[in-house]
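Structure first, then comments.
The values are calculated or read from the model by the stated rules, or taken from the named source; none is laboratory data. The structure presented is a predicted model; accordingly, all values stated were derived computationally and were not measured. Reconstructed Cβ throughout: ideal geometry from the backbone, glycine too, with neighbour counts over all protein chains shown.
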């Protein structure tokens, strides 16, 4: 009897294991690569591999998938907060390169038992987690009910691109990722909530066919007006505002411009009250690569009137040491060098503001119209100067410049007020 009982017990136990094995075999295995394999390689602004005048102090990552081939498939991103000055996710229609939604660092609700280190100061950013949902607009309300941090895209978009941006991550954390791993991407069916295989990463148009405006640097006027850049081009960053000026720098010349800068935060406690989260000046070539940049922390001084002044000088000029000495002797004056021999004499100066504070009175977005593509390439036939020239629309907060000979700038009689003249 004991022997029969023992044999029955063994058979029952084996049957249980067999049943478990059968369940495992029937459970579909989800194909999901490691996070760094899910995202594209780091798109760096500082190594002249990325077009569209990137900021040298920013790093970008993208993941692009075909929603047309993967209908009803949304994405859940889970990660740890990186340490940087600014961090966000933006969703684009990759075919048009236009942003359709975004979420900025301060608006990301942290996971349970975490804090948002862009809202509440902490030394340990990476100890705090977040979850982001990228979903089509037709996602059922029942599925949305449990979601925080939603970025939505129209269901008629064929190719969806998700960009993650970090500004000053290397300066703040020591590495380009902000001291944490890349966020993990999990695909799921928005109608059932079931996890599905990772959709194949497609080639983003930022690598293939970027929509760039024509860059005409043939005009050789001494005045250097700044205009608001066209908004729907080149994967725009939603909170970023841009002004640009086209410059033809001839031998023996300096290009100068000046304006009153916004305030930028020195700590997380100032994020809510500073005019902007970040601002910078970048210099790019006719090919739209960036070669020089300076950001707010590198410009601690202003002159007695509250202005900063920028001098763009030829890196090959024999008078460069004298130009640098004069800049150093005048508070709020900063030299940016440009190598005419290697990069050509066409320069696009780009003034970038990262505006999170909706109360900032001198916002380009509030005060200026963006120029058309025709105006950006030199056709001014439908140009409205009162709303499209920065100095007229923004007053002293709008940059305006002028070209001088090196000798004129070095003269003891040089008057900084002449930099902002329009004639």
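Just need a number here: residues in the range 234-290 that are in contact with a strand residue (DSSP E or B) (Cβ under 7 Å, 6 or more places away or on another chain) and under 26 Å from residue 92 (Cα atoms).
Residues that pass the stated criteria total 22.
Working only within the range 49-76, note down all residues that are out of contact with any helix residue (DSSP H, G or I) (no Cβ under 9 Å at 6 or more places or on another chain) and either in the same structural domain as residue 286 (by TED's automatic domain parsing) or over 30 Å from residue 170 (Cα atoms) (or both).
Once the filter is applied, which keeps residues that are out of contact with any helix residue (DSSP H, G or I) (no Cβ under 9 Å at 6 or more places or on another chain) and either in the same structural domain as residue 286 (by TED's automatic domain parsing) or over 30 Å from residue 170 (Cα atoms) (or both), the range 49-76 yields 66, 67, 68, 69, 70, 71, 72, 73.
Identify all residues within the range 84-96 that are assigned to a loop (DSSP other than H, G, I, E, B) and either outside the structural domain of residue 165 (by TED's automatic domain parsing) or crowded, with 17+ Cβ neighbours inside 10 Å (or both); write none if there are none.
84, 85, 94
Looking at (1) farther than 28 Å from residue 50 by Cα; (2) crowded, with 20+ Cβ neighbours inside 10 Å, which one does residue 282 not meet, given that it meets all the others?
That leaves (1) as the condition not met.
Looking only at the range 219-259, count how many residues are over 17 Å from the mean Cα position of the chain (by Cα) and farther than 23 Å from residue 384 by Cβ.
11
Of everything in the range 312-342, what is more than 22 Å from residue 301 (Cα to Cα) and touching a strand residue (DSSP E or B) at 6+ places or on another chain (Cβ under 6 Å)? Give them in sequence order.
Applying the first criterion (more than 22 Å from residue 301 (Cα to Cα)) to the range 312-342 yields 314-319, 338-342.
Across the range 312-342, the qualifying residues are 315, 338, 340.
Pick out, from the range 321-423, the helices (runs of 4 or more DSSP H) lying fully within it that include 1 or more residues that are modelled with pLDDT under 95.
Those helices (runs of 4 or more DSSP H) span 340-343, 364-367, 373-376, 385-388.
Within the range 285-301, how many residues are part of a loop (DSSP other than H, G, I, E, B), buried (at least 16 other Cβ atoms within 10 Å of the Cβ) and out of contact with any helix residue (DSSP H, G or I) (no Cβ under 9 Å at 6 or more places or on another chain)?
Within the range 285-301, the first condition is being part of a loop (DSSP other than H, G, I, E, B), and the residues that meet it are 285-289, 299-301.
Okay, now just the ones that are also buried (at least 16 other Cβ atoms within 10 Å of the Cβ), so 285-286, 288-289, 299.
If we keep only those that are out of contact with any helix residue (DSSP H, G or I) (no Cβ under 9 Å at 6 or more places or on another chain) as well, we get 288, 299.
Residues in the range 285-301 being part of a loop (DSSP other than H, G, I, E, B), buried (at least 16 other Cβ atoms within 10 Å of the Cβ) and out of contact with any helix residue (DSSP H, G or I) (no Cβ under 9 Å at 6 or more places or on another chain): 2 in total.
Out of the range 57-72, which residues are surrounded by fewer than 19 Cβ atoms within 10 Å (Cβ to Cβ) and either part of a loop (DSSP other than H, G, I, E, B) or without any contact (Cβ under 8 Å) to a residue 12 or more places away in the chain (or both)?
68, 69, 70, 71, 72
When you check residue 242 against the structure, is it at pLDDT below 95 and in a strand (DSSP E or B), yes or no?
Yes, satisfied.
Please enumerate the residues belonging to the range 13-48 that are over 12 Å from the mean Cα position of the chain (by Cα), modelled with pLDDT of 65 or more and over 26 Å from residue 199 (Cβ atoms).
46, 47, 48
Among the candidates 318, 325, 329, 313, single out the residue that is more than 26 Å from the chain's Cα centre (by Cα), crowded, with 19+ Cβ neighbours inside 10 Å and farther than 25 Å from residue 168 by Cβ.
313
Could you go through the range 268-283 and let me know if any residue there is touching a residue at least 40 places away in the same chain (Cβ under 8 Å), closer than 22 Å to residue 222 by Cβ and in a strand (DSSP E or B).
The answer is yes, given that some residue of the range 268-283 is touching a residue at least 40 places away in the same chain (Cβ under 8 Å), closer than 22 Å to residue 222 by Cβ and in a strand (DSSP E or B).
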